[in-house]
Amino acid sequence: MDVLSRGGIFVPQYDLWLDSHHSRPVAFVTHAHADHMKKHGHVYASPATAAMMRARGALRTRFHTLDWGERVAWNGAHVSLYPAGHVLGSSQILVEGRDGERLLYSGDFKLRESRSSETIEVPQADVVVMETTFGRPRYEFPSLENVMEDIRSWCRDAVAQKRTPVLFCYSLGKGQEVLAGLHDCGFPVAVHTAHAKICAVYARHGVSFAPFETFQEGQRLGGVLLCSKQCMRSKWWYELERTHSLQCADVSGWALDGGSRGFALSDHAGYSDLMEYVRLSGAKKVWTTHGFDAEFAADLRALGLEAAPLTQAKKTAGAEQLSLFSGL
């Protein structure tokens, strides 16, 4: 089974697009982060991903939602979704070919515990296409509870010093993970409107959060604010800086690299979990994408596996091209 990097993941034998970077008549989407979703005509995704894509503007897309493990026939193959543990509703995609070969696309994933997303379930596969964002040995993440305790302590200290703690975190996934870990924190929590919109989707899918309010421009904060770093370019941010003594920190896996103050909380797998993912899948052939793809592939080859960056994949001759929804 061929698999190609063509502005997303493309399986030519079955005319199957996974996380296409360009709008398509039909595509499978693993999750609703901007670098994985586009406004396709038809989208196959988990119910939570579909809901978040709608919340993020995909209003004209027709969604076909799949339960975990539900198989859908696709041009002679079968396709199914499995939880990826990255953010709520994030999926791995398993393609079972006519000849029984099993191709697993990881999407973005993590194996570590989470308060706000499903636990990952890794199906068996012959070939894996996997993200390797943190594919170097130095990227090993502390436990969620240890990071959250550090965050809670940092916020309490700031509030005690009459400073306003601000945690920069992405509005889909990271913000909800932090918010879910702030139960009984002892200080008020406010979230930016973009975070609040996604929190509402999470809540409808059963995720419980610490009590919070949606930040209103001009309001006086008595506790922590969760927002994205891009908010620093907003007009209201300058007013916030004028009226508050701010203490800011990033919530990001890249905090492991040092630099500015940050907390190493990631919704991606660290190096040892990338290795464990390959082991759990049982795959003997691995294509790597994103981040340190060449370095991680080299480490897998040193262990005796067949591995290379997906950008090096070539299409074999003679593959048929089919098209679903061609008349739409």
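Only the coordinates and a few stated rules stand behind these numbers; no lab work does. Everything numeric here is computed off the predicted structure, so don't read it as measured data. Backbone-built Cβ (ideal geometry, glycine too); neighbour counts: all protein chains shown.
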(message) Distance between the C-alpha centers of region 77-91 and region 101-162? Whole Å please.
(response) 16
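Pairs of Cα atoms under 8 Å, at least six residues apart: use those to get the relative contact order of region 144-263, whole percent.
Values: 174 pairs, mean separation 42.3, N = 120.
About 35 percent, as a whole number.
Between rounded, prolate and oblate, where does region 144-263 land on the alpha carbon gyration tensor, with a ≥ b ≥ c its root eigenvalues, rounded for a/c under 1.5, else prolate if a/b exceeds b/c?
Details: a/c = 1.30, a/b = 1.10, b/c = 1.18.
In terms of gyration-tensor shape, rounded.
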(message) Once you place label points 7 Å from the Cα toward the Cβ at ALA160 and ASP257, how far apart are they in nm?
(response) 3.3
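Any idea what the relative contact order of the chain is, in percent, if you count C-alpha pairs under 8 Å spaced at least 6 apart?
On the way: 721 pairs, mean separation 62.8, N = 328.
It rounds to 19 percent for the chain.
Cut-off is 10 Å between beta-carbons; in what order do MET130, MET275 appear when sorted fewest neighbours first? List each step's numbers first, then the result.
On the way: MET130 29, MET275 17.
Taking fewest neighbouring Cβ atoms as first place, the list is MET275, MET130.
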(message) Give me, ordered by chain and number, the residues 5 or more places off TYR170 or on other chains with an amide H under 5 Å from its own placed amide H.
(response) GLY175
(request) Starting at the first residue of region 107-121, write each ³J(HN,Hα) from the Karplus equation 6.51 cos²θ - 1.76 cosθ + 1.60 with θ = phi - 60°, in whole Hz, x for Gly and Pro. (result) x, 7, 8, 8, 9, 5, 4, 8, 8, 10, 9, 5, 6, 5, 10
(request) Just check the chain against the gyration tensor rule for me: Cα atoms, a ≥ b ≥ c as the square roots of the eigenvalues, rounded for a/c under 1.5, and otherwise prolate or oblate depending on whether a/b exceeds b/c. (result) prolate
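At a 10 Å Cβ-Cβ cut-off, how would you order ASP15, ASP99, fewest neighbours first? Present the calculation step by step, with values, prior to reporting the outcome.
Details: ASP15 18, ASP99 8.
Arranged by neighbour count, lowest to highest, ASP15, ASP99 become ASP99, ASP15.
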(request) State whether region 1-122 is rounded, prolate or oblate according to the following rule on the C-alpha gyration tensor (a ≥ b ≥ c being the square roots of its eigenvalues): a/c under 1.5 gives rounded; otherwise a/b larger than b/c gives prolate, and the remaining case gives oblate. (result) oblate
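Just the number, please: percent antiparallel of the DSSP beta bridges in the chain, rounded to the nearest 5. List each step's numbers first, then the result.
Values: 18 of 53 bridges.
Percentage antiparallel, nearest 5: 35.
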